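K.L.:
Once you've had a glance at the structure underneath, I'll fire off some questions.
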Amino acid sequence: MFLKTNGFKKLIKEAYKAYGLKVGNDGTGIYLAGDYWVIWIQKDMIPKKELGAIIELTGEIPGPGEVLSATKAGNQYEVPWHEIYNAMEEAEKCTKSLKETCASLHLPAEAKLIKDPENGKLHMIDRYCIDIIDNSVIEEVETPAVGPLMGENKGFYWKNNVMAYYVCEMKSEKAQEILEYLGGKDITK
């Protein structure tokens, strides 16, 4: 799993407290979803600390084909499926590789900028969502994560051979003019 343990725990706890943490089982993997992110990981590849953090909040992992939304009020089973939850399959469909930049904007949340090298367009992602990605924490059987990748969905993916991570794009009318100006500049790492 290419996410830092403490960052992963913070992400799922934030979702649990805010809108509910979605946890689903597609039979092959487990997906977790917050308001603006999705993580899919092969069932047998979830590290013990991360599995413990999920169970600490939800009390359970749903069975194959099941989805639950966990909140402080309890768990509510839901009708599964939204295509975005299948983050690995969607990440595999991505056709475009973007570049991280050295720039960030301070909005209500700090936004990291990523750039489409084909057209120069800049996109904003919550900086925290990028900062928790760390290839030094992967297991021996895992390949390093690649990303950010862009496909048909309005968001960005990172993936390796056992997991995928999806993050929605941040939008800000105030920042749009700055993004358009910086789009023509070379600010990639």
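K.L.:
When only residues in the stretch 1-34 that are within 12 Å of the chain's Cα centre (by Cα), of a type outside the set (Ser, Thr, Tyr) and in a strand (DSSP E or B) count, which is surrounded by the most Cβ atoms within 10 Å (Cβ to Cβ)?
P.N.:
Leu32
K.L.:
Any idea which of Tyr16, Tyr77 is modelled with pLDDT of 95 or more, among the aromatic types (Phe, Trp, Tyr) and more than 23 Å from Pro148 (Cα to Cα)?
P.N.:
Values: Tyr77 fails: modelled with pLDDT of 95 or more.
That would be Tyr16, the only listed residue that is modelled with pLDDT of 95 or more, among the aromatic types (Phe, Trp, Tyr) and more than 23 Å from Pro148 (Cα to Cα).
K.L.:
Suppose we keep only residues that are among the basic types (Lys, Arg) and without any contact (Cβ under 8 Å) to a residue 40 or more places away in the chain within the stretch 42-81. Which one would you say is surrounded by the fewest Cβ atoms within 10 Å (Cβ to Cβ)?
P.N.:
If we filter the stretch 42-81 for residues that are among the basic types (Lys, Arg), which is where we start, we get 43, 48-49, 72.
Now restrict to residues that are without any contact (Cβ under 8 Å) to a residue 40 or more places away in the chain: 43, 48.
Working: Lys43: 14, Lys48: 7.
Ranking the candidates gives Lys48 first.
K.L.:
Which ones in the stretch 111-131 are surrounded by fewer than 16 Cβ atoms within 10 Å (Cβ to Cβ) and modelled with pLDDT under 90?
P.N.:
Pro117, Glu118, Asn119, Gly120, Lys121, listed by residue number.
K.L.:
On to the next question. Sort out which residues of the stretch 18-41 are more than 30 Å from Lys171 (Cα to Cα) and either charged (D, E, K, R) or in contact (Cβ under 8 Å) with a residue 40 or more places away in the chain (or both), and write them in order of number.
P.N.:
Residues of the stretch 18-41 more than 30 Å from Lys171 (Cα to Cα): 25-29.
Asn25, Asp26, Gly29 - these are the residues of the stretch 18-41 that are more than 30 Å from Lys171 (Cα to Cα) and either charged (D, E, K, R) or in contact (Cβ under 8 Å) with a residue 40 or more places away in the chain (or both).
K.L.:
Hey, another quick one. Any idea which of (1) surrounded by 18 or more Cβ atoms within 10 Å (Cβ to Cβ); (2) of a type in the set (A, V, I, L, M, F, W, C); (3) more than 24 Å from Lys10 (Cα to Cα) is the one Leu149 doesn't satisfy?
P.N.:
Looking at each condition in turn, Leu149 falls short on (3).
K.L.:
Could you check, for the stretch 84-99, whether at least one of its residues is surrounded by 18 or more Cβ atoms within 10 Å (Cβ to Cβ) and farther than 16 Å from Tyr166 by Cβ? Can you show your working first?
P.N.:
Taking the stretch 84-99 first, the residues surrounded by 18 or more Cβ atoms within 10 Å (Cβ to Cβ) are 85-88, 90-91, 94, 98.
With the extra rule that they be farther than 16 Å from Tyr166 by Cβ, the set shrinks to none.
Among the residues of the stretch 84-99, not one is surrounded by 18 or more Cβ atoms within 10 Å (Cβ to Cβ) and farther than 16 Å from Tyr166 by Cβ, which makes the answer no.
K.L.:
Please enumerate the residues belonging to the stretch 161-177 that are surrounded by fewer than 18 Cβ atoms within 10 Å (Cβ to Cβ) and within 18 Å of Lys112 (Cβ to Cβ).
P.N.:
First pass over the stretch 161-177, keeping only residues surrounded by fewer than 18 Cβ atoms within 10 Å (Cβ to Cβ): 161, 169, 171-174, 176-177.
If the condition is that a residue be surrounded by fewer than 18 Cβ atoms within 10 Å (Cβ to Cβ) and within 18 Å of Lys112 (Cβ to Cβ), then Glu169, Lys171, Ser172, Lys174, Gln176 are the ones that fit.
K.L.:
Could you list, in sequence order, all residues of the stretch 76-127 that are hydroxyl-bearing (Ser, Thr, Tyr) and either under 20 Å from the mean Cα position of the chain (by Cα) or closer than 19 Å to Trp37 by Cα (or both)? Lay out the reasoning, then the answer.
P.N.:
Initial filter on the stretch 76-127 (hydroxyl-bearing (Ser, Thr, Tyr)): 77, 85, 95, 97, 101, 104.
Listed by number, the residues that qualify are Tyr85, Thr95, Ser97, Thr101, Ser104.
K.L.:
Find all pairs meeting these conditions: Cβ atoms under 6 angstrom apart; at least six residues apart or on different chains; first residue within the stretch 166-178 and within 17 Å of Tyr128 (Cα to Cα); second residue part of a helix (DSSP H, G or I).
P.N.:
Correct list of pairs: Tyr166/Ala87; Val167/Cys129.
The values are calculated or read from the model by the stated rules, or taken from the named source; none is laboratory data. The structure displayed is predicted, hence computed values, not measured ones. Cβ sites come from the backbone with ideal geometry, for glycine too, and all protein chains shown count toward neighbours.
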